[in-house]
Amino acid sequence: MVSALLPTYARADLAFERGDGAWLTSTKGERYLDFGGGIAVASLGYSHPHLVAALTEQAGKLWHTSNLFQIPEGERLARRLADASFADYVFFTNSGAEALELAIKVARRYQYVTGHPERFHVIGFEGAFHGRTLATLAAAGTQKYLEGFGPKAEGFDQVPYCDLEALKRAIGPQTGAILIEPIQGEGGVRMLPPSFLKSLRKLCDDNKILLVLDEVQTGMGRTGKLFAYEWSGIEPDIIAIAKGIGGGFPLGACLTTEEAGRSMTVGTHGTTYGGNPLAMAVGNAVLDVILAPGFIDGIAQTGLLLRQRLAELKDRHPSVIEEIRGEGLMVGIKTRVPNTDFVAAARAEKLLTIPAGDNVVRLLPPLIVTDGEVNEAVERLSRASEQLEQPIAQKGAAE
Ligand SMILES: *Cc1c(COP(=O)(O)O)cnc(C)c1O
């Protein structure tokens with residue numbers, strides 16, 4: 001039957017019916033080990049009892065009231081996120097792109113109210129991904145996503161990834177903010193050099209520019225810290241988060257310092273759904289688990305095990321795997337075969353992974369994944385790699 005869905009996705013011929021922990025069960029009753037996590041969203045896996053209880057309890061009470069009224073659970077979640085981070089203010093959204101739209105608005109508004117309306121330009125980096133709205137597409141500057149959608153929104157400049165000198169040259173009298181992912185996700189788990197964020201912080205301070213981080217994928221424990229900026233020892237002015245914070249419920253947030261955030265006075269921004277009671281109940285429940293003592297340290301340890309086992313796999317299959325990179329449970333396998341072939345071969349072994357830029361296969365398992373499941377995933381990747389080492393003529397067999 002012809003699909004009535006707008007044909008913007010080339011979907012796999014596979015649908016799922018239920019999930020538990022890191023496992024998904026297809027409509028045909030087959031079990032898949034999920035190391036894609038719905039693109040870093042299913043942070044606590046599937047059917048986590050604490051999340052199911054929080055959602056169902058709230059569902060029986062109240063879903064939505066609008067932001068014209070107090071939402072106590074939202075006050076509580078904002079306070080907890082602020083207390084656990086650099087931030088003083090939090091605004092809840094329904095997605096990552098919306099959180100980034102607000103991050104850009106806050107940066108521009110801050111420059112405006114401090115007497116610099118001309119500083120509306122945001123510098124981003126090649127290979128970045130910030131979402132699919134018109135402003136976030138302009139911020140990333142990726143040509144293939146901008147094509148056919150009219151003039152690129154004004155005020156967004158791009159420089160090559162990690163190129164500090166090009167960045168310095170790009171900073172001008174109109175620059176108001178720098179926007180960057182601490183680790184590029186869609187771009188292929190591309191890592192910044194260790195001191196790069198420190199250099200950015202100094203550059204921003206020297207030029208009165210705001211440092212805006214896109215932690216939509218790296219945040220909420222993914223890299224083995226609550227937020228990836230913690231690895232660098234610096235603090236940003238604004239961050240956007242989403243994905244893992246809702247554990248599958250659509251939820252995002254923009255976090256700001258007091259200095260940047262106070263420019264957003266009554267009426268300057270709003271949302272109908274953002275931060276509604278149902279979302280806030282789930283967000284608080286996710287945070288209960290992630291902030292529990294030892295949980296985030298456990299992510300770092302499991303991530304280390306995963307990368308060690310993958311390094312061994314790379315040594316056994318150098319013609320298939322070129323490089324292993326990442327932090328915590330955000331891992332990239334740069335392949336020598338087309339990454340989509342590797343994803344298909346892994347899927348044939350009932351392991352879900354996600355392709356990314358730079359010919360990389362991403363592993364973004366639920367943060368609750370066990371060491372046993374990590375070993376199982378590597379076993380399956382090992383079988384997939386063996387398949388891919390076969391002559392080209394046989395490759396179709398893996399699909
Ligand atoms: C997924 C993602 C976004 C966009 O989030 P949506 O919820 O799809 O709007 C933005 N930035 C990064 C780094 C992402 O990974």
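The values are calculated or read from the model by the stated rules, or taken from the named source; none is laboratory data. Nothing here was measured: the structure is a model prediction, and the numbers come from that model. For neighbour counting, all protein chains shown are included, and Cβ atoms are generated from backbone atoms with ideal geometry for every residue, glycine included. Accessible surface is based on the protein model in full, side chains and every heavy atom, while ligands, DNA and RNA are left aside. Shrake-Rupley method; radii C 1.70, N 1.55, O 1.52, S 1.80 Å.
Within region 199-224, the set of residues being within 23 Å of residue 332 (Cβ to Cβ), away from the ligand (no atom under 16 Å from the Cβ) and in contact with a Gly (Cβ under 8 Å, 6 or more places away or on another chain) comprises 224 only. Residue 84 passes every criterion in (1) of a type outside the set (D, E, K, R); (2) within 20 Å of the chain's Cα centre (by Cα); (3) at positive phi apart from (3).
Entry remark, region 192-206: residues being open to solvent by 70 Å² or more (accessible area, probe 1.4 Å) and within 12 Å of residue 325 (Cβ to Cβ) number 0 in total. For region 348-382, filtering for residues that are crowded, with 19+ Cβ neighbours inside 10 Å and of a type in the set (Ser, Thr, Tyr) leaves 1.
Note on region 178-215: residues that are closer than 25 Å to residue 294 by Cβ and assigned to a loop (DSSP other than H, G, I, E, B) total 2.
Residue 131 satisfies every condition listed in (1) without any contact (Cβ under 8 Å) to a residue 24 or more places away in the chain; (2) open to solvent by less than 50 Å² (accessible area, probe 1.4 Å) except (1). Where strands (runs of 3 or more DSSP E) fall entirely within region 1-116, those with at least 3 residues that are away from the ligand (no atom under 16 Å from the Cβ) and open to solvent by less than 50 Å² (accessible area, probe 1.4 Å) are at 23-26, 31-34. Of all residues in region 331-381, those satisfying the criterion of being part of a helix (DSSP H, G or I), more than 19 Å from residue 311 (Cα to Cα) and under 23 Å from the mean Cα position of the chain (by Cα) are 340, 344, 347.
Of all residues in region 239-272, those being within 16 Å of the ligand (Cβ to nearest atom), surrounded by fewer than 16 Cβ atoms within 10 Å (Cβ to Cβ) and among the aliphatic types (A, V, I, L, M) number 0.
Among residues of region 204-231 that are among the polar types (S, T, N, Q), those with a beta-carbon under 6 Å from a residue that is within 13 Å of the ligand (Cβ to nearest atom) and open to solvent by 20 Å² or more (accessible area, probe 1.4 Å) at least six positions away or on a different chain give the pairs 217/243.
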